[in-house]
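The structure appears right after this line, and notes come after that.
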Amino acid sequence: MRQYEIRWVRLPEPVGLRPLLLLSRTPAYAYLSKVLAAEVTTTVRGIPQEVRLGTRDGMPKPCAAKLDNVHLVPVRSIGRLMTVLPVPRIPEVKRALGHALFWTELMAL
């Protein structure tokens, strides 16, 4: 598991199995029991707290990573890899997280 991968994750009901964008730094997956991840959903609102994704990013259809919906998930609940976010898209994730947390330093990226 690595930072900026999108993987299937089993969340508690009623949510269930859902793609999540892994946010924790890569070395953390080796020793933490829970890590941060953002929900990915086909509901796209076009707000600054989300990152639009599509087939060019390895997703099967248009969707968005929702940085307003960040979860602390058990590593054992993280499943199969869907895709890895392309490196040029990483600043968009940081900017969206900045908007979600109102961290102006990240909002300017």
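Taken together, the values in this text are just the output of simple stated rules run on the coordinates, not laboratory data. From a predicted model like this one, the values you see are computed outputs, not experimental measurements. Cβ placement follows ideal geometry from the backbone for every residue including glycine, while neighbour counts extend to all protein chains displayed.
One table, with the values for the structure above:
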| quantity | calculated |
| --- | --- |
| Condition met for THR43 (surrounded by fewer than 14 Cβ atoms within 10 Å (Cβ to Cβ) and farther than 14 Å from TYR4 by Cβ) | yes |
| Residues of the range 22-56 classified as of a type in the set (Val, Ile, Thr) and under 18 Å from VAL87 (Cα atoms), total | 4 |
| Looking only at the range 31-45, and only at residues there that are part of a strand (DSSP E or B) and not β-branched (Val, Ile, Thr), the one that is farthest from LEU67 (Cα to Cα) | LYS34 |
| Residue match in the range 21-30 (condition: in a helix (DSSP H, G or I), of a type in the set (A, V, I, L, M) and surrounded by 19 or more Cβ atoms within 10 Å (Cβ to Cβ)) | no |
| The range 58-77, subset in contact (Cβ under 8 Å) with a residue 40 or more places away in the chain and under 17 Å from GLY46 (Cα atoms), residue surrounded by the fewest Cβ atoms within 10 Å (Cβ to Cβ) | CYS63 |
| Failed item in (1) assigned to a strand (DSSP E or B); (2) in contact with a Gly (Cβ under 6 Å, 6 or more places away or on another chain); (3) among the hydrophobic types (A, V, I, L, M, F, W, C), with LEU106 passing the rest | (1) |
| Test: residue in the range 67-82 that is more than 11 Å from the chain's Cα centre (by Cα), at negative phi and assigned to a loop (DSSP other than H, G, I, E, B) | no |
| From ARG80, ARG89, residue being exposed (fewer than 13 other Cβ atoms within 10 Å of the Cβ) and touching a residue at least 12 places away in the same chain (Cβ under 8 Å) | ARG80 |
| Those residues of the range 61-96 which are over 14 Å from LEU21 (Cα atoms) and in contact with a Gly (Cβ under 9 Å, 6 or more places away or on another chain), in sequence order | LYS61, PRO62 |
